[in-house]
Amino acid sequence: MLQRGILNPQILGLIGRVRHTNTLVIADRGFPFWPRLETVDISLVDDVPTVLQVLKALQGNFSVGAAFMAEEFLAGNDDPVQTAYRDMLAPVEIRFEPHVEFKKRVPHAVGLIRTADTTQYGNIILVSA
C-alpha cells in the first residue's frame with residue numbers, strides 16, 4: 001500500500017507514461033473534456049485541490065523542462081497569483097501564448113489532470129525534461 005507521495009493510482013499511472021518531451025496538462029475545473037485524452041478528474045469542491053497543489057505534489061516525480069499557459073492568465077489574475085505560479089515552477093520560465101494557441105497543444109498531451117481550481121486561466125501544460 002502506498003503511504004507517501006502521490007497516492008492516486010490513476011495519476012501515478014499517467015505520469016509513469018510521460019517520457020522526455022511529452023506533455024501533461026493540469027487544468028482548472030472548467031477545462032473542457034477532450035474525448036481522446038486520458039483525463040484524471042480529482043475535483044472535490046471549489047479549489048480542492050488546486051493546480052498549484054497538484055504541481056507541488058508532482059515535484060518529486062516529474063521533471064519539468066518547459067511550461068505553457070494562456071496569456072489571458074496575466075490579465076485575469078493579480079500579482080500574488082502570478083508570482084505563486086512562477087515560484088512553483090522556478091527555475092523553469094512559463095511561456096505565455098494566446099488561449100487559442102494553448103488549446104491546440106492539449107490533444108498532443110499524454111493526459112490531463114483536472115482539478116477544482118477556480119483561478120482564471122490557471123491551466124498549465126508541462127513539458128517533461
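Here are the numbers:
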| item | result |
| --- | --- |
| Some residue of region 87-101 being under 22 Å from Ile11 (Cβ atoms), among the small types (Gly, Ala, Ser) and either surrounded by fewer than 19 Cβ atoms within 10 Å (Cβ to Cβ) or modelled with pLDDT of 95 or more (or both) | no |
| Pairs where the first residue, in region 1-23, is touching a residue at least 40 places away in the same chain (Cβ under 8 Å) and more than 17 Å from Ser43 (Cβ to Cβ) and the second is among the small types (Gly, Ala, Ser) and in a loop (DSSP other than H, G, I, E, B), C-beta under 6 Å, 6+ apart | Thr23/Ala109 |
| Condition broken by Asp78, with the remaining ones in (1) surrounded by fewer than 15 Cβ atoms within 10 Å (Cβ to Cβ); (2) within 15 Å of the chain's Cα centre (by Cα) satisfied | (2) |
| Residue list for region 13-47, restricted to those being in contact with a strand residue (DSSP E or B) (Cβ under 6 Å, 6 or more places away or on another chain), closer than 14 Å to Leu58 by Cα and of a type outside the set (A, V, I, L, M, F, W, C) | Thr23 |
| Any hit, region 112-125, residues being buried (at least 17 other Cβ atoms within 10 Å of the Cβ), at positive phi and either in contact with a helix residue (DSSP H, G or I) (Cβ under 8 Å, 6 or more places away or on another chain) or hydrophobic (A, V, I, L, M, F, W, C) (or both) | yes |
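The values are calculated or read from the model by the stated rules, or taken from the named source; none is laboratory data. Since the model is a prediction, treat every value here as computed from it, not as a measurement. As a convention, Cβ positions derive from the backbone with ideal geometry for all residues, glycine included, and neighbour counts pool all protein chains shown.
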